[in-house]
Amino acid sequence: MYSRIMVFLLAFMVPVVGFSEEDGVALDRARISLNPVNLQRGARTFVNYCMGCHSASGFRYAGLQKIGLKKEEILTYLAPDRKISDFLISSMNHSDAEKWFGVIPPDLSWVARSRGVDWVYTYLRSFYRDNDRPNGWNNVAFPSVNMPNIFHDLGGVRSVTFEEVREIHDDSGNLSGYKRLIKTYPGDGSHKETVESLPGVNYSPYHRTIWGEYKGGLVTPVKYDNLITDLVSFLSYIAEPKLEERESIGFFFITWLLILSGLLYALKSDFWSDVD
């Protein structure tokens with residue numbers, strides 16, 4: 001009985017393993033920090049850059065006080081025309097959004113929980129110039145997305161190359177060879193494609209994405225990455241504001257159960273020792 005209890009309890013202590021890829025896209029690991037200073041910077045980035053189109057209707061300005069911002073600071077710098085009890089709602093109306101972007105920008109209250117912080121972090125860093133898109137931008141993590149890269153002035157632009165090896169089959173469906181496809185976007189919106197037949201059959205199909213360095217940004221790549229990390233940290237926080245509190249309670253509860261199960265096992269052993 002005791003062993004069954006222990007197995008049951010340990011099952012809840014095993015961390016959930018997250019996949020490093022989604023829809024074939026390798027996800028970068030987000031270095032989330034719930035430090036108040038990082039969250040404050042992320043909040044400022046969200047309000048100044050994201051709220052032009054996106055809302056966070058599940059979070060109030062008052063919640064920013066819990067990350068160390070004073071009410072006067074919030075109302076002066078982040079919400080000058082709002083009340084402290086208001087939700088983080090974009091000033092853009094839905095009809096204008098559909099007219100300009102073809103779709104209503106999603107609410108970001110729970111995007112970090114539904115998509116995962118690694119996906120959000122990768123998405124925000126995966127834009128590249130593509131003149132074939134209406135807004136001039138495309139995204140590796142979300143192909144053909146209607147959102148432009150709102151941070152390109154800060155972070156700059158990167159070139160990207162897509163390299164793929166595919167199988168070639170004859171009319172009977174038999175493998176007859178391989179070919180390599182390379183598509184490069186140099187950063188100005190244009191692209192170049194090459195197709196190369198590969199000799200022999202000793203190849204394995206693969207697809208990889210090769211990024212160039214950031215160019216033309218107002219800040220260094222390190223500072224830009226920190227900005228995106230702080231933003232994702234803030235999105236993670238508003239999705240689950242009481243995550244740290246729940247984790248501490250959960251740890252205490254599991255510890256209590258383990259101690260209790262040990263005491264019950266000792267009591268059971270002492271009781272049955274007299275019977276034997």
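The values are calculated or read from the model by the stated rules, or taken from the named source; none is laboratory data. If you're wondering where the values come from, they're calculated on a predicted model, not measured in any experiment. We place every Cβ from the backbone using ideal geometry, glycine too, and count neighbours over all the protein chains shown.
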### Query
What tally of residues in segment 209-246 results from selecting those that are modelled with pLDDT of 95 or more and over 17 Å from the mean Cα position of the chain (by Cα)?
15
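If you go through segment 164-186 one residue at a time, do you hit one that is more than 30 Å from W100 (Cα to Cα), in contact with a helix residue (DSSP H, G or I) (Cβ under 9 Å, 6 or more places away or on another chain) and assigned to a loop (DSSP other than H, G, I, E, B)? So that I can check it myself, show each step before the final result.
Here is the first cut: in segment 164-186, the residues more than 30 Å from W100 (Cα to Cα) are 164-182.
Adding the requirement that they be in contact with a helix residue (DSSP H, G or I) (Cβ under 9 Å, 6 or more places away or on another chain) leaves none.
Scanning segment 164-186 turns up no residue that is more than 30 Å from W100 (Cα to Cα), in contact with a helix residue (DSSP H, G or I) (Cβ under 9 Å, 6 or more places away or on another chain) and assigned to a loop (DSSP other than H, G, I, E, B).
Being in contact with a helix residue (DSSP H, G or I) (Cβ under 7 Å, 6 or more places away or on another chain), without any contact (Cβ under 8 Å) to a residue 24 or more places away in the chain and either closer than 20 Å to I228 by Cβ or assigned to a helix (DSSP H, G or I) (or both) is true for just one of Q65, Q40. Which residue is that? Step through it out loud before you land on a result.
Values: Q40 fails: without any contact (Cβ under 8 Å) to a residue 24 or more places away in the chain.
From the options Q65, Q40, the qualifying one is Q65.
Tell me, which residue of segment 176-203 that is exposed (fewer than 12 other Cβ atoms within 10 Å of the Cβ) and at pLDDT 90 or above is farthest from G42 (Cα to Cα)?
Among those residues, the one meeting the criterion is S197.
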### Task
Name every residue in segment 69-94 that is surrounded by 13 or more Cβ atoms within 10 Å (Cβ to Cβ) and either in a loop (DSSP other than H, G, I, E, B) or among the aliphatic types (A, V, I, L, M) (or both), in order of residue number.
L69, I74, L75, L78, A79, R82, I84, L88, I89, S90, M92
#### Entry: Subset tally (residues that are surrounded by 19 or more Cβ atoms within 10 Å (Cβ to Cβ) and without any contact (Cβ under 8 Å) to a residue 24 or more places away in the chain) for segment 102-114
0
### Task
Within segment 134-154, identify whether any single residue is assigned to a strand (DSSP E or B), on the phi > 0 side of the Ramachandran plot and out of contact with any helix residue (DSSP H, G or I) (no Cβ under 7 Å at 6 or more places or on another chain), and answer yes or no.
no
### Query
Got at least one residue in segment 95-110 being closer than 20 Å to P143 by Cα, in a helix (DSSP H, G or I), of a type outside the set (K, R) and at pLDDT 95 or above?
no
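Within segment 90-112, how many residues turn out to be in contact with a Ser or Thr (Cβ under 8 Å, 6 or more places away or on another chain) and polar (S, T, N, Q)?
We begin by selecting, within segment 90-112, every residue in contact with a Ser or Thr (Cβ under 8 Å, 6 or more places away or on another chain); these are 90, 105, 107-109, 112.
Those left that are additionally polar (S, T, N, Q): 90, 109.
Residues in segment 90-112 being in contact with a Ser or Thr (Cβ under 8 Å, 6 or more places away or on another chain) and polar (S, T, N, Q): 2 in total.
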### Tally, over segment 43-62, of residues that are modelled with pLDDT under 95 and either of a type in the set (S, T, Y) or in a helix (DSSP H, G or I) (or both)
0
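Of all residues in segment 193-234, count the ones that are among the β-branched types (V, I, T) and over 29 Å from C50 (Cβ atoms). Don't jump to the end; show me each part of the working.
Initially, segment 193-234 is screened for residues among the β-branched types (V, I, T), giving 194-195, 201, 209-210, 219-220, 222, 228-229, 232.
Subset that is over 29 Å from C50 (Cβ atoms): 194-195, 201.
Result for segment 193-234: 3.
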